[in-house]
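Below is one structure, written out as structure tokens, with a few remarks after it.
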There are 2 protein chains.
Amino acid sequence: MEKVDKIFEAALSLFTTKGFHGTPTSEIAKTAGVANGTLFHYFKTKEDLINNLYLNLKNEMVEESTNGIEKIESLKLKFEYLWSKTIQWAMTNPQKIFFIQQYMYSPYITTNTQEEVDKIKEVYINLIQSGIENEEIKEIPVDLIYIIATQQLFGMIQYLVINPEKYHDSEFMNLAFNLFYDILKTN
Amino acid sequence: MEKVDKIFEAALSLFTTKGFHGTPTSEIAKTAGVANGTLFHYFKTKEDLINNLYLNLKNEMVEESTNGIEKIESLKLKFEYLWSKTIQWAMTNPQKIFFIQQYMYSPYITTNTQEEVDKIKEVYINLIQSGIENEEIKEIPVDLIYIIATQQLFGMIQYLVINPEKYHDSEFMNLAFNLFYDILKTN
DNA sequence: ATATTTGTAGAGTGATCAGTCAATCAAATT
DNA sequence: AATTTGATTGACTGATCACTCTACAAATAT
């Protein structure tokens, strides 16, 4: 495993459990099994590290959830694919989604990083847009649909992390998806 | 204005813009116009301060949104009251809702505080519960409804803070509430 | 082969910060 | 009037931390 990835791994775990300024860079280096200086060789500053980590995880989330979506025909099924893939990723990486939620609107994430993230999430925006054009998705500002959908999805993930048995209850999961999709779809 | 409140006010502003460990207690004291020692007279530690602040704001939010709700008869209107009152509070205190969102799942908020918050939110839980018994609200785990509803509400608030002109567009706000209530209500 | 760049290490440092402390002041209680 | 209790102050400190710097090793280019 690359040293950079070891640093990312250590930082993810420590930042989520102890906070950003709550974890010394020395501890990150120690946990990652690298020297203090190595950390600063790869990242100019501590802020640089958390910004890269955040971008990295957002990228991973989007890639994991959209990989293979082009094979799916119907729009509803595409949304279901996205929805279930994201949940699947979150359930296997609870700490990652936890980190994202925790630092999404934190002052450590620069506007520059936010802009990069905005580019990444365009896949989602485009899907919503095409849904609106097809009159399958409600004609509501895309931004609003996006925020509401992601927030609701995060809520569902939070619930599933606390009640993991529900994740294997397919009847429940079906109902849960409809709860999600009913907001978006035209009546 | 009480010194404690001045400290709360300063801490709210600084914590949201610079992060918890990112703001020195000395700066909080200076901004609040009190001496360094005074801060520690009222709060045992810096963590104690942020926990109290968090609890304080959660309380304020719930009180503001539920105050006067007993006068309303229909369940749907009660939800609409709660929904619009919360949004109204958030729009006049964007920093407060921003702080809540930012520290909701941060490691600085102790489980003890979370438990206190759980007590506060019982008003909401009871309302949902009675709605389920009346068969006006979907028969879904109360926890799940609660999480989804609050997350969605937070999403809406985020959108409105960015697009404040929509807040005064009553047609939009009507549509927005229905977007919220349609998830909850039985078909 | 030699030069140059890149990776890795860890001791060292100047600055910063949470919390203490001793002193004074104000108000309440006896 | 005396005494206790609580409020307020700000200088001080021991510890901690982000980042630097120098040195060496490995890889890559010339």
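The values are calculated or read from the model by the stated rules, or taken from the named source; none is laboratory data. Remember, it's a predicted structure, so these values are computed and weren't measured experimentally. Using ideal geometry, Cβ is built from the backbone for each residue, glycine included, and neighbour counts are taken over all protein chains shown. The protein model used for the area step is the full one, side chains on, heavy atoms only, and it has no ligands, DNA or RNA in it. Shrake-Rupley method; radii C 1.70, N 1.55, O 1.52, S 1.80 Å.
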Scanning region B:133-162 for residues that are more than 14 Å from chain A (Cβ to nearest Cβ) and touching a Ser or Thr at 6+ places or on another chain (Cβ under 9 Å) gives B:135, B:136
With the condition kept exactly as written, say whether any residue in region A:18-41 is more than 16 Å from DNA strand C (Cβ to nearest atom), of a type in the set (Val, Ile, Thr) and not assigned by TED's automatic domain parsing to the domain that holds residue A:109.
no
Which of the helices (runs of 4 or more DSSP H) contained wholly in region B:1-87 include at least 2 residues that are open to solvent by 20 Å² or more (accessible area, probe 1.4 Å) and within 14 Å of another protein chain (Cβ to nearest Cβ)?
B:3-18, B:25-32, B:46-66
Would you mind stating whether residue B:9 is of a type in the set (Asp, Glu) and under 12 Å from residue B:99 (Cα atoms)?
yes
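When you scan region B:89-136, how many residues do you find that are among the aromatic types (Phe, Trp, Tyr), in contact (Cβ under 8 Å) with a residue 24 or more places away in the chain and either in contact with an Asp or Glu (Cβ under 9 Å, 6 or more places away or on another chain) or open to solvent by 70 Å² or more (accessible area, probe 1.4 Å) (or both)?
3
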Could you go through region B:143-158 and let me know if any residue there is farther than 28 Å from residue B:5 by Cα and open to solvent by 50 Å² or more (accessible area, probe 1.4 Å).
yes
Contacts under 7 angstrom Cβ, first residue in region A:1-13 being farther than 21 Å from residue A:94 by Cβ, partner outside any helix (DSSP H, G or I), 6 or more apart
A:3/A:34
